[in-house]
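Here the structure comes first, spelled out in structure tokens, and everything after it is commentary.
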Amino acid sequence: MNSKNLVLLFISLFSFTNLYSQDFYDGKFLSNRYIKKSKTSRAVGKHVSFQKEYNLSITTKYVNKGLVNKLKIISGDNTAQIELPAELNDLNWTSITDGLWINAVHEDENFTDSYDKEETVIFHYVGYFMNLEPFDNSLIKNNPSKAKLGQLIEGFSIGLANTKPGEIRVIKISPKLAYGEKGGGNIPENSTLIYILYRVDKDSNKP
């Protein structure tokens, strides 16, 4: 093999490794090396991060160009983890209210469709359309999101209200509890959305 071919082989292997290899980073995402670019940024491979501000150790395995296959989040003595099917709609869904479903974990779980609009929540999320195209992902950002429940779309707020701190849940939201007939941002009109949620709460979780 001549020197030119060796250089090309090295470049090819280097690109593949940087795209798919395990990523250790301190709450930062190296978008030029670890995201496959398309209309939206998609994470690929296995990612490991430690987010100091909220004492979160996050391990995420992505398949199929951005779909979370396994998610494990450690915060102090608490470990939350989930392994997701190739089709998120194959989850065991329970209806919370008309137009909103949550993945059931225990048979005797009780859910509520009410929430306090002034309650401040801290959370991670990954959002997908029904065709499993990702449209947003806080796990690849520096820290969790923080907002009052009244500032979020209704289905998302109800989903978070039914997610305990330190717990991972998956919710499915119909358009009427999401962005409706008009859509919003990069969300088309009449979109049913699926979110993977992890509720951090509260600022006392900081080390």
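List of remarks:
- Anisotropy class of region 37-129 from Cα gyration tensor, a/c 1.5 cut: oblate
- Gained length - Ser57 relative to Gln81, 0.36 nm times residue gap less alpha-carbon distance: 7.5 nm
- Over 25 Å (Cα to Cα) - which of Lys61/Lys182; Lys72/Lys172; Lys148/Lys182; Lys148/Lys172; Lys146/Lys172; Lys70/Lys141 fall in this group: Lys61/Lys182
Just so you know, all these numbers are worked out from the coordinates, no wet-lab data involved. All values reported here derive from a predicted model rather than from experimental measurement.
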